[in-house]
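The values are calculated or read from the model by the stated rules, or taken from the named source; none is laboratory data. Quick caveat, the model's predicted, so the values are computed rather than measured. Every residue, glycine as well, gets a Cβ built from its backbone with ideal geometry; the counts of neighbours run over all protein chains shown. Accessible surface is based on the protein model in full, side chains and every heavy atom, while ligands, DNA and RNA are left aside. Shrake-Rupley method; radii C 1.70, N 1.55, O 1.52, S 1.80 Å.
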Amino acid sequence: MKQKRLRDYGVTIGKLETGAYNAITDVKGVTVGHVTISEDEQQTGVTAILPHQGNIFREKLIASSHVINGFGKTIGTIQINELGTLESPIVLTNTLSIGTAADAVIDYMLEQNEEIGRTTGTINPVVCECNDMILNDIRSKTVTKKHVLKALETTSETVEEGSVGAGRGMVCYSLKGGIGTSSRQIQLTHGLYTIGVLTLTNFGSLPDLTINGQPVGSQLYNSMHSLEEIPDKGSVIVILATDLPVTERQLNRILKRTITGLSRTGSIITTGSGEVVIGFSTANKILHDKTSSCLSISAIYEEDIDLAFRAAGEATEEAVLNSLITATHVVGRSGNERPALKNLLEIYGIQLD
């Protein structure tokens with residue numbers, strides 16, 4: 001069954017056009033896979049992102065990361081920021097499963113590359129996390145290497161959103177959060193390019209929720225008397241993909257603009273909420289084995305970057321809102337539950353503008 005996304009409610013975010021899927025997978029070669037665990041107290045999962053369909057270790061991509069607020073345990077960003085390249089898939093999961101996920105990514109890459117640890121260096125696994133302890137019994141450490149490998153092996157261009165994969169147990173604006181995605185296209189003189197974003201949302205307080213300028217959170221908060229307002233101590237992971245030819249420095253500048261999208265949804269970036277952004281460009285492939293000639297990289301002029309700034313903010317904003325509007329009601333650990341935004345809009349008769 002096709003999920004009803006934000007635009008299906010008549011809400012259009014920003015000025016730029018989306019790609020065909022309105023998803024991170026509008027960037028050619030990018031695919032996403034989920035494994036969802038929903039068993040009584042265990043409400044968690046894994047989301048995997050393949051940056052391209054070749055061998056990411058042998059054909060690395062320009063990459064960067066940006067920490068908006070560093071209350072998080074992401075693995076792999078030290079090397080990304082030092083070398084400016086990505087050499088592994090990106091995996092999202094819950095906080096206490098990052099070790100398991102990293103181990104699985106290492107196994108996945110060792111299977112594909114016999115030279116790792118023998119005739120060349122090792123591998124830099126990239127794993128991001130959010131704390132899903134409200135709905136998930138995070139101490140049970142339910143996620144296994146098999147779950148991670150399955151997510152890596154079952155990726156596709158079609159991205160399911162909401163209470164799936166790593167987003168299964170996440171809470172956003174005191175409601176059910178999870179996985180969301182969106183994309184934007186930008187036309188430059190030398191080509192049409194795409195910026196796609198995928199978010200794992202686990203942040204925010206209900207009264208702050210804003211949808212395209214409409215104070216939906218305060219409308220709901222004033223109408224409801226039974227919903228517990230959860231303090232904003234969660235996190236959000238933003239993964240940005242693009243086919244725009246950029247340097248690592250230019251990409252980092254683009255990543256910094258995702259905060260505009262987060263802020264437009266109502267986020268104030270609280271002290272206990274970890275906001276981490278990782279991005280990559282598929283435009284230039286950096287071969288692991290050097291050749292006898294110099295490395296040549298194409299990149300835009302700085303004068304062309306403002307459209308990319310806008311695209312990053314718009315796609316991030318819509319991805320967050322898609323994670324909310326597609327999420328389903330989940331009951332988890334100790335009977336804790338979080339309602340779905342779409343259900344509350346119907347119950348309280350709130351129309352989105």
Next item on the list: Within the range 1-50, track down each residue that is hydroxyl-bearing (Ser, Thr, Tyr) and either closer than 15 Å to VAL159 by Cα or outside any strand (DSSP E or B) (or both).
Entry: TYR9, THR12, THR18, TYR21, THR25, THR31, THR36, THR47
Checklist line | Single residue of the range 87-119 satisfying the filter (in contact with a helix residue (DSSP H, G or I) (Cβ under 8 Å, 6 or more places away or on another chain) and assigned to a strand (DSSP E or B)) that is farthest from HIS34 (Cα to Cα) | finding: ILE116
Notebook entry, point to check: Among THR260, THR265, which is of a type in the set (Val, Ile, Thr) and in contact with a strand residue (DSSP E or B) (Cβ under 9 Å, 6 or more places away or on another chain)?
Noted result: THR265
Item checked: When residues of the range 254-287 are limited to those that are over 18 Å from the mean Cα position of the chain (by Cα) and not in a strand (DSSP E or B), the one nearest to ASN131 (Cα to Cα) -> GLY272
Next item on the list: Identify the residue in the range 110-124 that is β-branched (Val, Ile, Thr) and open to solvent by less than 40 Å² (accessible area, probe 1.4 Å) and, among all such residues, is farthest from LEU149 (Cα to Cα).
Entry: ILE116
Note to self: Cβ-Cβ under 7 Å, sequence separation 6+ or interchain: first residue in the range 113-124 and at pLDDT 95 or above, partner open to solvent by 100 Å² or more (accessible area, probe 1.4 Å) and of a type outside the set (Lys, Arg). Which pairs?
What the structure shows: ILE116/THR122
Notebook entry, point to check: Only one of (1) on the phi > 0 side of the Ramachandran plot; (2) part of a helix (DSSP H, G or I) fails for GLY204. Which number is that?
Noted result: (2)
Checklist line | Selection from the range 219-248 of residues that are of a type in the set (Ser, Thr, Tyr), part of a loop (DSSP other than H, G, I, E, B) and at pLDDT below 95 | finding: SER226
Note to self: Among the residues of the range 268-293, what is the count of those that are in contact with a strand residue (DSSP E or B) (Cβ under 7 Å, 6 or more places away or on another chain), surrounded by fewer than 22 Cβ atoms within 10 Å (Cβ to Cβ) and under 24 Å from LYS73 (Cα atoms)?
What the structure shows: 1
Check: Right, SER292: of a type in the set (Ser, Thr, Tyr) and modelled with pLDDT under 95 or not?
Finding: yes
Check: Here are some residues: VAL216, VAL236, VAL320, VAL246. Which one is more than 27 Å from ASP353 (Cα to Cα) and open to solvent by less than 20 Å² (accessible area, probe 1.4 Å)?
Finding: VAL246
Check: Which one is nearest to ARG264 (Cα to Cα), of the residues in the range 134-189 that are open to solvent by 50 Å² or more (accessible area, probe 1.4 Å) and in contact with a Ser or Thr (Cβ under 7 Å, 6 or more places away or on another chain)?
Finding: GLN185
Next item on the list: Name the residue, out of THR194, THR189, THR210, THR199, that is within 15 Å of the chain's Cα centre (by Cα), closer than 21 Å to ALA312 by Cβ and among the polar types (S, T, N, Q).
Entry: THR199
Next item on the list: Consider ALA151 carefully, then state whether it is aliphatic (A, V, I, L, M) and either modelled with pLDDT under 95 or under 12 Å from GLN43 (Cα atoms) (or both).
Entry: no
Next item on the list: Please enumerate the residues belonging to the range 10-59 that are closer than 23 Å to SER263 by Cβ and buried (at least 16 other Cβ atoms within 10 Å of the Cβ).
Entry: VAL11, ILE13, GLY14, LEU16, THR18, ASN22, ALA23, ILE24
Checklist line | Residues satisfying the stated conditions in the range 60-75, i.e. over 25 Å from SER296 (Cβ atoms) and either open to solvent by less than 10 Å² (accessible area, probe 1.4 Å) or basic (Lys, Arg) (or both) | finding: LYS73
Next item on the list: Just name the residue that is nearest to the chain's Cα centre (by Cα) out of those in the range 323-338 that are open to solvent by 20 Å² or more (accessible area, probe 1.4 Å) and not charged (D, E, K, R).
Entry: THR328
Notebook entry, point to check: Considering the range 294-316 alone, what residues qualify as being open to solvent by 20 Å² or more (accessible area, probe 1.4 Å) and over 22 Å from LEU83 (Cβ atoms)?
Noted result: TYR301, GLU302, GLU303, ASP304, ASP306, LEU307, PHE309, ARG310
